[in-house]
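K.L.:
Sending over a structure as structure tokens; questions will come in a sec.
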Amino acid sequence: MNRLRRLLDLVARRVLYAGVRSTVLPESAEALGIKADVPLCFVAESRSWSNLLVMEEECSRLGLPSPLKSLGVRGGDFAHSVYCVEPPPSWLFWRDNSARRSAMLDAMLATLRDAPEQDVQLLPVSIFWGRAPAREKHWLKVLFADTWSIAGRTRKLLTILIHGRHTLVNFSEPLSLRDLITGQPEPGAAHDKVRAELVHRLSEQRAVTLGPDLSHRRTLVRDLLASPSMDAAISQEAEEHGVTREAAQARARKYLYEIVAASSGITIQLLFRALSYFWNRFYDGIEVANVEDVQRLAREHTLIYVPCHRSHVDYLLLAYVIYQHGLALPSIAAGRNLNLPLVGGLLRRGGAFFIRRSFRGNRLYSTALFEYLHMLTSRGAAIEYFVEGGRSRTGRSLRAKPGMLAMTVRSFLRAPNKPLAFIPVYIGYEKLIEGRSYLSELRGRKKKRETLIGTLRSIMNLRGRFGRVYVNFAEPIFLHQSLDVLAPQWRTERYDDAQRPEWLRPVIAGIGTQIMTHIGAAAALNPINLIALVLMATPRQSLGDAELGEQLDLYTQLLRSGAYGDRVLLPAAGTAESIAYAEQMAMLKSREHPLGTIRYFDADRAVLMTYYRNNVLHLFALPSMIACCFVNVRVMSREKVARLVALAYPFLYRELFLRWPADEVGAAIDATIGHMVEAGLLIERKQHMLRRPGPGTALAQQLALLARVVQPLLERYYMIVAVLQRHPAERLAREALEEHCFLLTQRLAFLYELETPDFYDRSLFDNFVEMLIDCGFVTVDEEQRLTLELPLREIDEDVRLLLSSQVRHTILTMARSTQI
């Protein structure tokens, strides 16, 4: 009988896999940490022959023991080694089946009682035949994907036929049966405890994969309208605007329907397949790193994905990656400008909810959005939003906006039932779809409003290849830990959202900075941004082939030392391959010459390449500042180098979101100097004196190019300070100062270097003035007029050593010869 059963299983498995294609997580057995000398028992939710056949096939591929072989425990000869937490149905319909205990689990427990040295590994396995984050209204769609309910035979057959090619098999971490029964001497209590823990693990995995079991959108809106906060906001809206309560409630309902997502399993499946075609058609692949950390956290934490915002593609890219790696699709916050006819409905059914750019003063809308967000977080639903607000037009990370971030923190403080983790995500492109439109907007052209026709035209006009995309999940930020550091009193104070504590605003700002810092620490170096970093530091954006290769090797060597953390992704290709790849992507040009090939950017391409350079500029800010110390002098003590860098560091720290706080950067400076000495960029003499390489050497040129990475930023800083010093006794209007420096910077760029998008970004000047105010270098009165303070004048004497004398002279001349 056993031979006949094995033969039948083999034939059935072959027939099943004629139409089934499965994805397995994790992809290797080594990641599970299974002990080879300990018996292994697989744990499933319910008895299903099709699931057992899939389990057997994937275990064979991974090299795991067969689930169809007997477990061989004392007390019974079981035909397979799969324990089902749900008992099989009884043929006696009047019999209560829920109280029955598993004979297999009883036999395993008896074995452990009789043999204290024995153990059994329990490996929970979840199999999903298609996935859907919510239940559908139409009865036919329920058959299309796996949901929270256990399917009957007919539904299971239809599900396999429809979704067999999109099957997900998820192996969880194995559990020790010995550890689970510790402290439970009674057999019955031990049985119940083990079963309860295994049911919890399987339910947890189902929630991670499918998301929480959310109600229908109409029911959800009804429940939100009935909440006490919405009820109070509706009453206030009616009183303040002199309308009936029914009219105010209708307005609130309109807001909620404008906001709330309407996730549809079939739409998600269609979008997933369409996106798979899109990536394969226009891109050369998606590099994903550190997603394993997110998969582990998803079981016990509410996840808030907070990626950087580079492109409209970001919305779909991150959702695609998350879904592809067996995680529940998040609810995605999108701007209302994307709620276009047809497109908006499709995105909403794909999990997007739409929010307005600004709703200051509209308490009813703000309450509706907050209550919806609170509902999602309280149920453990994953959420995705962009803390920067809009897309970065210069390639730099932007300051975090407090809106959605504040609502998330407030929601957690209101009901801190489940741990919440922010998941910062770095997204990098080798070639950006919106590159040229970004440049035109920075030059003053009005941003085009999104329309259905414009969107379709943009899609139809896509041509060529856009290289690889990089998605790197940064180190998570646990909200309760951040609150413990920034506001320890949160655990003892009773939180009242109507009267928010004074510490809430700085806490939100601190968490926003943490998020942007973690994103920067997970940057991905690729051939395009690395070559841009080198060539954009040269006067004519060109370099000999050999010199370019040496500089690329140097930058890679500096980062391989781990100076910026272990999550930074380095290019896998060698120098020659990277240069050839950039040329193949039409991002780099070459000119043959008898003395060697010259690599360069043409004029149009060079302006766009500043965007890619800015993606990773922060990774080299510290070594570049050290190199700047040797622009004007040949020899300097290690102590003075550290002091000069520490003076300028706070400004770069705030603008580039560098990973070391100003009071902890000393050790990083010392370590970076050591790496530069090892690379030959600096020569250390006795008594900790540092000397730059001799003039005319290759190393001297490399040091000079490295210094040019951050010099444009320091020049911009120095220009604002020079203008302030030009008017020492005057109170300058902040807006006039920023406009004047904006024009001076463009003039300086025209005289000495390439015109770049940075010089059209007014926010950079606003941010620097804000930093001067926060650091106490400048005071501001009620009329927003600025006055320079003494400490900045003293610092200026040292900081000017970091700039070339020629540029410094030009800045001072322009500051004296122009009036605000």
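The values are calculated or read from the model by the stated rules, or taken from the named source; none is laboratory data. Nothing here was measured: the structure is a model prediction, and the numbers come from that model. Cβ: placed from backbone, ideal geometry, glycine included. Neighbour counts: every protein chain shown. Side chains included, ligands, DNA and RNA excluded: accessible areas come from the protein's heavy atoms. Shrake-Rupley method; radii C 1.70, N 1.55, O 1.52, S 1.80 Å.
K.L.:
Efficiency by 1/(1 + (r/R0)^6): what FRET value for Met689 and His325, r their Cβ-Cβ distance, R0 = 60 Å, to the nearest 0.05?
P.N.:
Details: r = 52 Å, r/R0 = 0.87.
So the FRET efficiency works out to roughly 0.70.
K.L.:
Here's a follow-up. Could you point to the residue in Gly265, Asn362, Leu303 farthest towards the positive end of the chain's charge dipole, with +1 and -1 charges on the Cβ of Lys/Arg and Asp/Glu respectively?
P.N.:
The residue sitting farthest along the positive end of the dipole is Gly265.
K.L.:
Mind checking the per residue accessible area of the chain for me, 1.4 Å probe, whole number of Å²? List each step's numbers first, then the result.
P.N.:
On the way: 38050 Å² over 820 residues.
Per-residue accessible area for the chain comes out at 46 Å².
K.L.:
Could you tell me the relative contact order of the range 561-658? Use alpha-carbon pairs under 8 Å, at least six residues apart, and round to a whole percent.
P.N.:
Working: 37 pairs, mean separation 15.2, N = 98.
Normalised by residue count, the contact order of the range 561-658 is 15 percent.
K.L.:
Looking only at the range 44-68, which residues have a backbone nitrogen under 20 Å from a spot 7 Å from the Cα of Leu7 in the C-beta direction?
P.N.:
Output list for this probe position: 53, 68.
K.L.:
What dipole magnitude, in Debye to the nearest 20, does the range 339-383 give about its Cα centre under +1 on Lys/Arg Cβ and -1 on Asp/Glu Cβ?
P.N.:
On the way: 7 positive and 1 negative charges, 24 e Å.
It works out to roughly 120 debye.
K.L.:
Okay, moving on. If you count, for each residue, the other Cβ atoms within 10 Å and average over each peptide, how do 504-515, 186-197 line up from highest to lowest? Please list the in-between numbers first.
P.N.:
On the way: 504-515: 18.3, 186-197: 15.3.
Result, highest mean first: 504-515, 186-197.
K.L.:
So if we plug the beta-carbon distance of Ser561 and Gln725 into 1/(1 + (r/R0)^6) with R0 = 30 Å, what FRET efficiency do we get, rounded to 0.05? If you can, show how the numbers build up before the last one.
P.N.:
Working: r = 39 Å, r/R0 = 1.30.
The computed FRET efficiency comes out at 0.15.
K.L.:
Can you run phi through the Karplus equation (6.51, -1.76, 1.60; θ = phi - 60°) for the range 111-118 and list ³J(HN,Hα) in whole Hz, with x for Gly and Pro?
P.N.:
After applying 6.51 cos²θ - 1.76 cosθ + 1.60, I find 4, 5, 5, 7, 10, x, 7, 7 Hz.
K.L.:
Same structure again: Amide H of Ala733: which non-local residues (sequence gap of 5 or more, or other chain) have their own amide H closer than 5 Å, using H built in the peptide plane?
P.N.:
Leu786
K.L.:
Separate question: For the range 1-33, run through the trypsin sites (Lys or Arg not before Pro) and keep only the ones in DSSP coil with at most 10 other Cβ atoms within 10 Å of their Cβ. Please report the intermediate quantities before stating the final value.
P.N.:
Details: sites: Arg3, Arg5, Arg6, Arg13, Arg14, Arg21; in loops: Arg21.
Answer in residue order: Arg21.
K.L.:
Which angle between 0 and 90 degrees, to the nearest 10, do you get for helix 265-282 versus the longest principal axis of the chain when only C-alpha atoms count?
P.N.:
50 degrees
K.L.:
In the range 660-715, what trypsin sites (Lys or Arg not before Pro) fall in a loop by DSSP, with at most 16 other Cβ atoms inside 10 Å?
P.N.:
On the way: sites: Arg685, Lys686, Arg691, Arg708; in loops: Arg685, Arg708.
In loop regions of the range 660-715 (DSSP not H, G, I, E or B), the sparsely surrounded trypsin sites (Lys or Arg not before Pro) are Arg685.
K.L.:
Dipole size in debye (nearest 20) for the range 225-274 around its Cα centre, Lys and Arg Cβ +1, Asp and Glu Cβ -1? Let's see the in-between values first.
P.N.:
On the way: 5 positive and 6 negative charges, 75 e Å.
Magnitude of the dipole: close to 360 debye.
K.L.:
Considering only the chain, what is the antiparallel percent among its DSSP beta bridges, to the nearest 5? Could the numbers behind the result be given before it?
P.N.:
Values: 30 of 62 bridges.
The antiparallel fraction comes to roughly 50 percent.
K.L.:
Also, I was wondering about something else. Which entries in the list Lys401/Lys640; Lys254/Lys418; Lys431/Lys589 go over 27 Å, if you measure between the two C-alpha atoms of each? Before the final figure, lay out each step's value.
P.N.:
Working: Lys401/Lys640 37 Å; Lys254/Lys418 30 Å; Lys431/Lys589 15 Å.
Over 27 Å Cα-Cα: Lys401/Lys640; Lys254/Lys418.
K.L.:
Quote the FRET efficiency, to the nearest 0.05, computed for Arg222 versus Gln499 with a Förster distance R0 of 25 Å and r equal to the Cβ-Cβ distance. Write down the numbers at each step before the final one.
P.N.:
Numbers: r = 29 Å, r/R0 = 1.16.
Efficiency for this residue pair is about 0.30.
K.L.:
Taking all protein chains together and a probe of 1.4 Å, list Leu342, Leu122 from the most accessible to the least accessible. Let's see the in-between values first.
P.N.:
On the way: Leu342 145, Leu122 0 Å².
Reading off the accessible areas and sorting them downward yields Leu342, Leu122.
K.L.:
Roughly what angle does helix 665-678 make with the longest principal axis of the chain, taking Cα atoms, 0 to 90 degrees, to the nearest 10?
P.N.:
80 degrees
K.L.:
Before anything else, pin down the relative contact order of the range 258-364: Cα pairs under 8 Å, at least 6 apart, normalised by residue count, whole percent.
P.N.:
Values: 79 pairs, mean separation 49.1, N = 107.
Reported relative contact order: 46 percent.
K.L.:
Tell me the Kirkwood hydrodynamic radius of the range 536-657 in angstroms, computed as one over the mean inverse distance between distinct C-alpha pairs. Intermediate values should be presented prior to the final figure.
P.N.:
Details: mean 1/r = 0.0605 Å⁻¹.
When all Cα pairs of the range 536-657 are included, the Kirkwood radius is 16.5 Å.
K.L.:
In debye, nearest 20: dipole of the chain around its Cα centre with unit charges on the Cβ of K, R (+) and D, E (-)?
P.N.:
Details: 102 positive and 87 negative charges, 535 e Å.
Here the chain has a charge dipole of around 2560 debye.
K.L.:
I've got another one for you. Any idea what angle helix 313-324 forms with the longest principal axis of the chain, computed on alpha-carbon atoms, 0 to 90 degrees, nearest 10?
P.N.:
That helix lies at roughly 30 degrees to the long axis.
K.L.:
OK, next. Considering only protein heavy atoms and a probe of 1.4 Å, how much of the accessible area of the chain is carbon and sulfur, as a whole percent? Don't jump to the answer; show the numbers that get you there.
P.N.:
Numbers: 20070 of 38050 Å².
Result for the chain: 53 percent of the exposed heavy-atom area is carbon or sulfur.
K.L.:
Here are some values of semi-axes √(5λ) of the Cα gyration tensor in Å: (i) 54, 33, 27; (ii) 99, 31, 21; (iii) 42, 39, 23. Which one was computed from this structure?
P.N.:
Recomputing semi-axes √(5λ) of the Cα gyration tensor in Å here gives the entry labelled (i).
K.L.:
What does the C-alpha gyration tensor say about the overall shape of the range 585-655? Classify as rounded when a/c is under 1.5, otherwise prolate if a/b is larger than b/c, or oblate. Walk me through the numbers before you get to the answer.
P.N.:
Numbers: a/c = 4.15, a/b = 1.75, b/c = 2.37.
Since a/c reaches 1.5 but b/c is at least a/b, the shape of the range 585-655 is classed as oblate.
K.L.:
Sequence gap at least 6, Cα distance under 8 Å: using those rules, report the relative contact order of the chain to the nearest whole percent. Could you put the intermediate results ahead of the total?
P.N.:
Details: 1225 pairs, mean separation 74.9, N = 820.
With pairs under 8 Å counted, the relative contact order is 9 percent.
K.L.:
List the aspartates and glutamates whose Cα lies under 13 Å from the Cα of Lys35, skipping any in the same chain that are fewer than 8 positions away.
P.N.:
Asp119, Glu173
K.L.:
Give me a comma-separated list of calculated 3J(HN,Hα) values for the range 367-382, in order, Karplus coefficients 6.51, -1.76, 1.60 applied at θ = phi - 60°, integers in Hz, x for any Gly or Pro.
P.N.:
Those phi angles translate into 5, 4, 5, 5, 5, 5, 4, 5, 4, 5, 5, 5, 8, x, 6, 6 Hz.
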